[in-house]
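S.K.: Got a structure for you, questions after.
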Amino acid sequence: MTVGHGFDSLPATVLGRLGRLEIELPSWGFADTGTRFGKFLQDAAALSIEDKFDDAAEVHRLTGACPRVAVHVLWDLPAGGATELAALARARGLRVGSINPNVFQDQCYKHGSVANEDASVRRRAIAHLLESVELGRACGSDTLALWFADGTNYPGQGSVARRKRWFADALREVHAAMPASMQMLVEYKPFEPAFYHTDIADWGMAYVLAKAAGERARVLVDTGHHLPGQNIEHIVSFLADEGMLGGFHFNDRHYADDDLTVGSIDPARVFRIFVAIAEAERALGRDLPVEFMIDQSHNLKPKIEAMLQTVTTVQELFAKALLVDLDALDAARAANDIVAAEECLKRAFATDVREALAAWREGRGLPREPLAAHRASGYAARAAEARLPRKKASGGSYA
Ligand code: PSV
Ligand code: MN
């Protein structure tokens, strides 16, 4: 066992894998957001889908890693529908990524969507999901990402079993309508907005419902959607080995679904998740067919800066995970040498990969430091100048 051994440069296999890592950006990460206590507006934040694509294109220009943008159907669809959406993305060198239906915002969903006691509301929710399938088909997206706010707030409020069957029926119907190229990702969340029970509360429930839906349905792991103490990398390894890991919504959290920048609170956790991915990829003999998506909305940080921090942090932590000597790890495991196994991880995590990644970016015609390049570009000031009049006209308060 070598202790404290560093890595001078990154192996070609590591850089090759990083080069194939596409990170999908969320359209909603560029717009003004807040908490339930208030929303603090930013001059440069995006208002329209055009602004959101512009900002995503800026992140892609600086990182070369983010050609896709997730869209939320109710928040992002332009008047021209799917055709215009796809054209707006294409014009900026981007593609429409996952389609995120919205069955949680309209008044009719006060008591749930596909698990609503009212059959007409359940039908309306399914109709929206089916429209979302068609939207994906029309704009060239092959991922339907489903998150449901359904749940109850008080004991006795709902029949868990009946609601589960409604969910299974709805997902099966939607899956049957998907083109062969489309996959369904089922996201889970233990609480919020429902505070007593959530219909898809954890990975096991998402797994069962994905299985019920059909063969192209898998589980979506949002790293912020776990109760404190949950071992997320365990879930990732388990699902990957079952062929049921569909993708990630990356973000960080300290308390609950805080939507903080990846790695800002617990980079070691993200590293361990990437080690789980690296191990699964070695077992599979190729890249895992999963979607690496960001789900963050930054209330106070400048949006593009936060997104650049996110992308570079994901690359750094994946690079470190790829540096884990998996053969040495296996040997340590076989010898029941717990300390040596743990050291394999610690050694890789402690490796500073930033200079090697800067050189890698430079070699690909990208800025060595995307964040610094963005700050020097004047983009934010130009965006603020162009967007402020529209914001003021739309009634935003800038006092
Ligand atoms: C819900 O908390 C969630 O994680 C879902 O993925 C939504 O699509 C997203 O946040 C944005 O509201
Ligand atoms: Mn999410």
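The values are calculated or read from the model by the stated rules, or taken from the named source; none is laboratory data. This one's a predicted model, so the numbers in the text were calculated from it and none came from an experiment. FYI the Cβ positions are ideal-geometry reconstructions off the backbone, even for glycines, and counts take in every protein chain you see.
S.K.: Please work out which residue is farthest from LYS303 (Cα to Cα), limiting yourself to region 4-54 and to residues that are in a helix (DSSP H, G or I) and of a type in the set (Ser, Thr, Tyr).
M.R.: THR13
S.K.: Something else: Any chance region 213-230 includes a residue that's β-branched (Val, Ile, Thr), in contact (Cβ under 8 Å) with a residue 24 or more places away in the chain and in contact with a Pro (Cβ under 8 Å, 6 or more places away or on another chain)? Break it down into steps so the answer makes sense when it comes.
M.R.: Within region 213-230, the subset β-branched (Val, Ile, Thr) is 219, 221, 223.
Checking which are in contact (Cβ under 8 Å) with a residue 24 or more places away in the chain leaves us with 219, 221, 223.
Checking the rest, the ones that are also in contact with a Pro (Cβ under 8 Å, 6 or more places away or on another chain) come to none.
For region 213-230, residues β-branched (Val, Ile, Thr), in contact (Cβ under 8 Å) with a residue 24 or more places away in the chain and in contact with a Pro (Cβ under 8 Å, 6 or more places away or on another chain): absent.
S.K.: Between ALA212, ALA170, ALA161, which is out of contact with any helix residue (DSSP H, G or I) (no Cβ under 8 Å at 6 or more places or on another chain), more than 16 Å from ligand 2 (Cβ to nearest atom) and farther than 22 Å from TYR255 by Cβ?
M.R.: ALA161
S.K.: Looking only at residues in region 180-238 that are within 15 Å of ligand 1 (Cβ to nearest atom), under 19 Å from TRP166 (Cα atoms) and aromatic (Phe, Trp, Tyr), which one is surrounded by the most Cβ atoms within 10 Å (Cβ to Cβ)?
M.R.: Selected residue: TRP203.
S.K.: Suppose the filter is in contact with a helix residue (DSSP H, G or I) (Cβ under 6 Å, 6 or more places away or on another chain) and at pLDDT 95 or above; does ASP118 pass it?
M.R.: Criteria not met by ASP118.
S.K.: Counting only residues that are among the acidic types (Asp, Glu) and surrounded by fewer than 21 Cβ atoms within 10 Å (Cβ to Cβ), which one in region 239-277 is farthest from ligand 2 (Cβ to nearest atom)?
M.R.: Per the stated criteria, the residue is ASP241.
S.K.: Looking only at residues that are hydrophobic (A, V, I, L, M, F, W, C) and under 17 Å from ALA276 (Cβ atoms) in region 217-226, which one is farthest from ligand 2 (Cβ to nearest atom)?
M.R.: VAL219
S.K.: Consider region 110-136. How many of its residues are closer than 22 Å to PHE248 by Cα and more than 16 Å from ligand 1 (Cβ to nearest atom)?
M.R.: Residues that pass the stated criteria total 1.
S.K.: Please find, among VAL311, VAL275, the residue that is touching a strand residue (DSSP E or B) at 6+ places or on another chain (Cβ under 9 Å), away from ligand 1 (no atom under 16 Å from the Cβ) and in contact (Cβ under 8 Å) with a residue 60 or more places away in the chain.
M.R.: Of VAL311, VAL275, the one residue that is touching a strand residue (DSSP E or B) at 6+ places or on another chain (Cβ under 9 Å), away from ligand 1 (no atom under 16 Å from the Cβ) and in contact (Cβ under 8 Å) with a residue 60 or more places away in the chain is VAL311.
S.K.: Which fully enclosed helices (runs of 4 or more DSSP H) of region 55-154 have 1 or more residues being of a type in the set (Gly, Ala, Ser) and touching a residue at least 12 places away in the same chain (Cβ under 8 Å)?
M.R.: Numbers: elements: 73-76, 81-91, 119-139.
Filter on region 55-154 gives 81-91, 119-139.
S.K.: Restricting to region 227-244, give me the number of residues that are of a type in the set (A, V, I, L, M, F, W, C) and either farther than 16 Å from ARG272 by Cα or assigned to a loop (DSSP other than H, G, I, E, B) (or both).
M.R.: Looking only at that region, the number is 2.
S.K.: Something else: Would a scan of region 127-140 turn up a residue that is buried (at least 24 other Cβ atoms within 10 Å of the Cβ) and either aromatic (Phe, Trp, Tyr) or more than 20 Å from the chain's Cα centre (by Cα) (or both)?
M.R.: No, every residue in region 127-140 fails to be buried (at least 24 other Cβ atoms within 10 Å of the Cβ) and either aromatic (Phe, Trp, Tyr) or more than 20 Å from the chain's Cα centre (by Cα) (or both).
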